[in-house]
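Below is one structure, written out as structure tokens, with a few remarks after it.
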Amino acid sequence: MLKCLEEIAQKLVTPGQGILAADESDNTIKKNFDSIAIKSTQQSRRDYREMLFREKKAIQEYISGIILFDETIRQKAADGTPLIELISSADAIPGIKVDRGTKLLTSSDIEKITEGLDGLRERLVEYYEMGARFAKWRAVITITDLKPTRYCINVNAHALARYAYLCQEVGLVPIVEPEVLMDSEHAFHDINRCYEVTASTLRVTFEHLIDAGVSLDSIVLKANMVTSGRLCVKQACSEEVAELTVRCLKTNVPSIVPGIAFLSGGQNEVLATERLSLMNQISNLPWNLTFSYGRALQATALATWAGSKVNVLAAQKAFSYRAKMNSLATFGKWNADIEVGLSSFAQKLNP
Ligand code: 5MM
């Protein structure tokens, strides 16, 4: 069983490939659809995700795994094919978000705890039987002058460790995602404060994973980059983000972990790609560094699709293009000259 888990974890972080986070909860996808004036219904969510999953060539080449929401893993495409089969037939690994979202910690008006441990073992078995081979649980840590508290980091790390152990027990690779938010309404912090909080969060998370008996060679860490907060007046440049992120990870993430797949966290598509590429230009990294982007893989594709069948081809090309740019970034081979921009790309599509 463990040999197989190791192989799945390795495949998820194969150089040249990364993960598509398509597990937006109903609230999040509604906000995304609001931005293109589309009503979020079971069918519109299905149509949008089917459009992405049918971009077979791009998925085969650039995407190692796709994280699904509970509704999606049960859905069928318009022609009756289960959506999960579209993913498997493109040689990508289906994954599933298993946390049940965040709630306020009782002692705090800002800090959150991620829920979903009750009945988790049984749900994981069901997802495995449905074909999922990895899972995801996201904890969120908010920075203010006085936060996060040690208590918040601890309870979230504890939940991540219990989740990760249960996943491995049933044959799912756990993606462990302790996200230090860069885009909260409180995010006035500078990059050094982000470094400090990310370092403590990772240190405590790995202490809990080790105490719980989680096999660290069979997980994927989904980490935030070390950046300035969205509202910080002086934004750190990409070179500094890359350098501090790698330094923070080297100090706090054991080298036995096969790979780290970054979240984009509100960075725009090009910045998220540029920073991943810069990190992969740094030599002697003990783990593979790749992407597990939601917004930074989908933003242009979503806007291009705009809920209309006539835009499906162009939206798929936009998704494919972004996936390719990030694939190059996993080799440290992306640069601004290659990033020709979607306008000229779209012109080539519709000359
Ligand atoms: C795709 O979004 C995921 C689900 O978020 P919600 O439960 O809030 O709807 C989210 O966990 C995502 O995987 C990570 O935040 C990374 O996505 P971004 O957009 O930051 O790359």
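Descriptive notes on the structure:
- Neighbour net charge for I256 - beta-carbon separation under 12 angstrom, K R +1, D E -1: -2
- About the Cα centre, charge dipole magnitude for segment 201-273 (Lys/Arg +1, Asp/Glu -1 at Cβ), debye: 160 debye
- Geometric descriptor of segment 219-296, per residue, is 83 Å³ (volume of the convex hull of the Cα atoms).
- When the charge dipole of the chain is built from unit charges on Cβ atoms (+1 for Lys and Arg, -1 for Asp and Glu) and taken about the Cα centre, the candidate among P148, F53, S327 whose Cα reaches farthest toward its positive end is F53.
- Out-of-range pairs (alpha-carbon distance over 30 Å; input K57/K250; K31/K56; K76/K333; K39/K317; K112/K324; K11/K147): K57/K250; K76/K333; K112/K324; K11/K147
- Dipole magnitude for the chain: about 560 debye, using +1 per Lys or Arg Cβ and -1 per Asp or Glu Cβ, origin at the Cα centre.
- Fraction of accessible area attributable to carbon and sulfur, the chain (%, probe 1.4 Å): 51 percent
- Counting only aspartates and glutamates at least 8 places from K103 when in the same chain, those with an alpha carbon closer than 13 Å to its own are E111, E115.
- Highest-first arrangement of 317-323, 259-265, where packing means the average Cβ count within 10 Å: 259-265, 317-323
- A straight chain from S35 to V270 at 0.36 nm per residue would run longer than the Cα-Cα distance by 82.6 nm.
- Exposure rule at most 12 other beta-carbon atoms within 10 Å, DSSP loop GluC sites (Glu not before Pro): the chain longest free segment: 186-351
- For segment 2-349, the normalised intensity computed at q = 0.09, 0.12, 0.13 Å⁻¹ comes to -0.44, -0.83, -0.99 (log10 of I(q)/I(0), Debye sum over alpha carbons, equal scatterers, no solvent).
The values are calculated or read from the model by the stated rules, or taken from the named source; none is laboratory data. Everything quoted here is computed from the prediction, not taken from an experiment. Cβ: placed from backbone, ideal geometry, glycine included. Neighbour counts: every protein chain shown. Side chains are part of the model used for accessible areas, which takes the heavy atoms of the whole protein and leaves out ligands, DNA and RNA. Shrake-Rupley method; radii C 1.70, N 1.55, O 1.52, S 1.80 Å.
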